[in-house]
Amino acid sequence: MKFSIFQESRKGRRKANQDRTGYAYTRDTLLTVVADGMGGHLHGEVASQITVQYLTEAFQRDAKTKLADPSGFLQKSITDAHFALVDYAKARGLSESPRTTCVACVVQDSIAHWAHVGDSRLYHVRGGQVQAQTRDHSRVQILVDRGRIREEAVAAHPDRNKIFNCIGAATPPEVELSGQTPLREGDTLLLCTDGLWGPLTRKLITAALLRGDIRKAMPELLDLAEARAGRDSDNLSVVAVAWEESPAGGTATTIPFPDADGVTTQREDFSKAEHGDLTDEEVESTIAEIRAAIHKHLRPKP
């Protein structure tokens, strides 16, 4: 397994960054995940943190060095993250649970499996063309499906932030799973929040990937999205993977692989993130409550 990976999250013009990103991998399997805490609900940054942290820790537990059922893993882990959020809200005495969108992908045996809830997206790009794209769980996407508006009009529509499926709502999320997608050398998997895809078109995204590898293309796309959004720039985050099937050729960087049974993980540290309205004491308390909520559901496998 050989790939290069790019991960970045920016605050945009918002007071705090409620997006979270992460990835984890063994010698045989890769997990990537992006979550967008919903700012209209309490503690959106906690919702996205719990979700990303839960998925990566579940991966650390289950991937030895492969997952028995990648799609089943995504379905269960995202659902369990929802219940961890519900427990967090109960422990804090909140009137409602924090909420977040999520998109996650597992690559194993050169086959991609992805899942999503809400309007965080995955694009599968090959040769300058979008091969597949997740379908937003939003009111505006329904209008697109019915032919009422064009895809290009989604970003400017007044209802574009109205999501009907998310993690942390009153009912468990309906996790939408992809089929099994074989990857070819040179394919790119791009997971991102609406702060990135909203100001951009598919043509701009694919053009940037054609001009250079992800280490060059992704910063350019983040810069462009921020510039196009201007004062309205939302948090914007991306995890991008360039797949290299064989050791020969390509621009991928060989990343350090863990030992035979090890897992390498990269995600934001909640204590180091920017929190718009939390004191240091509240941050420390929140970290403890996040861990308690996660560990209640993340039981070691027998």
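With the whole protein complex present, residue 80 retains an accessible surface near 20 Å², based on a 1.4 Å probe. So which GluC sites (Glu not before Pro) in the stretch 170-200 pass both tests, a DSSP loop state and at most 16 other Cβ atoms within 10 Å of the Cβ? Here the sparse-neighbourhood loop sites are 174, 185. Identify the residues of the stretch 174-191 with backbone N under 16 Å of a label point that sits 7 angstrom from the Cα of residue 109 along the Cα-to-Cβ direction, or state none. Only 179-184 pass the distance filter.
For residue 180 and residue 15, a Förster radius of 45 Å and the Cβ-Cβ distance give a FRET efficiency of 0.65, rounded to the nearest 0.05. From helices alone, the chain scores -10500 deg cm²/dmol at 222 nm; the rule is -39500 (n - 2.57) for each run of n ≥ 4 DSSP H residues, then divide by the residue total.
For the stretch 43-152, the list of GluC sites (Glu not before Pro) that fall in a loop by DSSP and count at most 13 other C-beta atoms within 10 angstrom reads 96. Using only side-chain charges placed at the Cβ, +1 for Lys and Arg and -1 for Asp and Glu, the dipole size of the chain relative to its Cα centre rounds to 560 debye.
For residue 201 and residue 287 in one chain, what is 0.36 nm times their gap in residues minus the Cα-Cα distance, to one decimal in nm?
27.3 nm
Spread over its residues, the convex hull of the C-alpha atoms of the stretch 139-228 is 145 Å³ per residue. Think of the chain as a dipole: +1 on every Lys or Arg Cβ, -1 on every Asp or Glu Cβ, centred on the Cα centre; then among 7, 266, 190, 190 lies furthest on the positive end.
Under unit Cβ charges (Lys, Arg +1; Asp, Glu -1), what dipole magnitude, rounded to 20 debye, does the stretch 181-227 have relative to its Cα centre? Roughly 160 debye for the stretch 181-227. Answer with a single label: of (i) 1.27; (ii) 0.95; (iii) 0.99, which was calculated as Cα Rg over 2.2 N^0.38 Å from the structure in view? Step by step, Cα Rg over 2.2 N^0.38 Å for this structure corresponds to label (ii). Hydrodynamic analysis of the stretch 1-109 uses the Kirkwood radius over alpha carbon pairs. Inserted into Stokes-Einstein at 37 °C and 0.692 mPa s, it gives a translational diffusion coefficient of 226 µm²/s. Based on the Cβ-Cβ distance of residue 269 and residue 153, what FRET efficiency does E = 1/(1 + (r/R0)^6) give at R0 = 30 Å, to the nearest 0.05? After rounding to 0.05, the efficiency reads 0.20. Hydrophobic, long helices, defined as DSSP H runs whose alpha-carbon span along the helix axis is 30 Å or greater and whose mean Kyte-Doolittle value is at least -0.5, occur in the chain at 70-92.
The values are calculated or read from the model by the stated rules, or taken from the named source; none is laboratory data. Keep in mind the model is a prediction, meaning the values are calculated, not measured. With ideal geometry, Cβ positions are generated from the backbone for all residues, glycine too; neighbour counts draw on all protein chains shown. Ligands, DNA and RNA are excluded from the accessible area calculation, which covers all protein heavy atoms including side chains. Shrake-Rupley method; radii C 1.70, N 1.55, O 1.52, S 1.80 Å.
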